[in-house]
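The structure appears below as structure tokens.
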Amino acid sequence: MRILVFVIGLLAGGSSSLAALEWPTTEVHLQAALGQKEAAAVFPYRNTGQTPVRILLVTASCRCVAADPVKDVCAPGDSGEIRARFSISGSVGRQVKTIAVTTDEAADRPTVLTLVVDVPQLIEVTPRFLVWEHGSQPEERSAEVVSADPDRMTIDGIRCSNPRFAARLQRDAAGRYRLWVKPDGTQEPASGIVALDVTIAGESRDYPVYVAVK
């Protein structure tokens, strides 16, 4: 019985060493620059086994990530890599995306690669919600607009989804912006969105400020 167990152990160990991909790292961290459109990462691997390894499938966790192997089959002793590209547009803050790599050596146990990208906040609007209590004074209230790159930021216009709210934009001598909003009254509930049409670092986006009478 001991001999049988020993032989089975050798066979299991031998079969697992026939083909194996080794990954120096399965996680990559990137810091995106202001206005950067795409972040690219490379995940290298090496076949340390004795037989070729075929990559069957590469699946990303998000449609914003494209990932492809440079080769479908990796011979013993050979190296390859998975190249990943993350489309940054519309993303802010820390973005964590995964890529599952399935091979014929372990089709039921894909290797999971992780791409972490820190995307800088282009604009911060504080506060994002302007609220008036029912029956209160319909006074004008404001939100501050701060840019990570004020020299390359312009606010091309503002749009309000509800005509019950009047909005205007103010810019001081230092180039700082402030949005002012005033409801026409507070006796009836109302809500809307004031959109800032912003261009910064060559990228155009709408930044919403939510307004409501409750």
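Residues are listed down the side, and each one gets a yes or a no for (1) in contact with a Pro (Cβ under 8 Å, 6 or more places away or on another chain); (2) at pLDDT 95 or above:
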| site | (1), (2) |
| --- | --- |
| Leu30 | no, yes |
| Val42 | no, yes |
| Gly49 | yes, no |
| Val70 | no, no |
| Asp104 | no, no |
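Among all positions in the stretch 95-104, there is at least one residue which is in contact (Cβ under 8 Å) with a residue 12 or more places away in the chain, exposed (fewer than 15 other Cβ atoms within 10 Å of the Cβ), within 28 Å of Gly202 (Cα to Cα) and out of contact with any helix residue (DSSP H, G or I) (no Cβ under 6 Å at 6 or more places or on another chain). When the residues of the stretch 23-36 are filtered to those that are out of contact with any Asp or Glu (no Cβ under 8 Å at 6 or more places or on another chain) and over 14 Å from Lys97 (Cα atoms), the one that is surrounded by the fewest Cβ atoms within 10 Å (Cβ to Cβ) is Pro24. Being under 15 Å from Val116 (Cβ atoms) and modelled with pLDDT under 90 narrows it down to one residue among Ser91, Ser16; which is it? None of the other options fit; the residue is Ser91. Of the numbered criteria (1) within 16 Å of Ala195 (Cβ to Cβ); (2) over 28 Å from the mean Cα position of the chain (by Cα); (3) exposed (fewer than 15 other Cβ atoms within 10 Å of the Cβ), the one Arg128 fails is (2). Specify the residue that is surrounded by the fewest Cβ atoms within 10 Å (Cβ to Cβ); the eligible residues are those in the stretch 175-214 that are farther than 29 Å from Lys37 by Cβ and free of Cβ contacts under 8 Å to residues at least 40 places away in the same chain. Taking the candidates together, the pick is Glu188.
Give the stretch 37-50 a look and list any residue that's within 11 Å of Gly77 (Cβ to Cβ) and either of a type in the set (D, E, K, R) or outside any strand (DSSP E or B) (or both), or say none. Of everything in the stretch 37-50, those that are within 11 Å of Gly77 (Cβ to Cβ) and either of a type in the set (D, E, K, R) or outside any strand (DSSP E or B) (or both) turn out to be Arg46, Thr48, Gly49, Gln50.
Looking only at the stretch 37-62, filter to residues that are hydroxyl-bearing (Ser, Thr, Tyr) and within 21 Å of the chain's Cα centre (by Cα); which one of those is surrounded by the fewest Cβ atoms within 10 Å (Cβ to Cβ)? Among those that are hydroxyl-bearing (Ser, Thr, Tyr) and within 21 Å of the chain's Cα centre (by Cα), it is Thr59. Is it the case that Ser161 is over 20 Å from the mean Cα position of the chain (by Cα) and assigned by TED's automatic domain parsing to the domain that holds Ile200? Taking the combined requirement at face value, the residue satisfies it.
In this structure, is Lys182 of a type in the set (Lys, Arg) and within 30 Å of Arg205 (Cα to Cα)? Judged against the criteria, Lys182 is a match. Across the stretch 63-119, the number of residues qualifying as closer than 28 Å to Pro208 by Cβ and of a type in the set (Asp, Glu) comes to 1.
Only residues that are modelled with pLDDT under 90 and over 27 Å from Val119 (Cα atoms) were counted in the stretch 146-203, giving 2. Total residues in the stretch 51-75 satisfying the condition of being assigned to a loop (DSSP other than H, G, I, E, B) and farther than 23 Å from Val119 by Cβ: the figure is 6.
Which of the residues belonging to the stretch 141-158 are surrounded by 13 or more Cβ atoms within 10 Å (Cβ to Cβ) and of a type in the set (D, E, K, R)? Correct list: Arg141, Asp149, Arg152. Contact map, the stretch 67-83: first residue within 13 Å of Val42 (Cα to Cα), second residue assigned to a loop (DSSP other than H, G, I, E, B) and at pLDDT below 95, Cβ cut-off under 6 Å, separation 6 or more or different chains; pairs are Gly80/Val70; Gly80/Lys71; Glu81/Val70.
The values are calculated or read from the model by the stated rules, or taken from the named source; none is laboratory data. Please read all numbers here as calculations on a predicted model, not as lab measurements. When we count neighbours, we look across all protein chains shown, and the Cβ atoms used for this are built from the backbone with ideal geometry, even at glycine.
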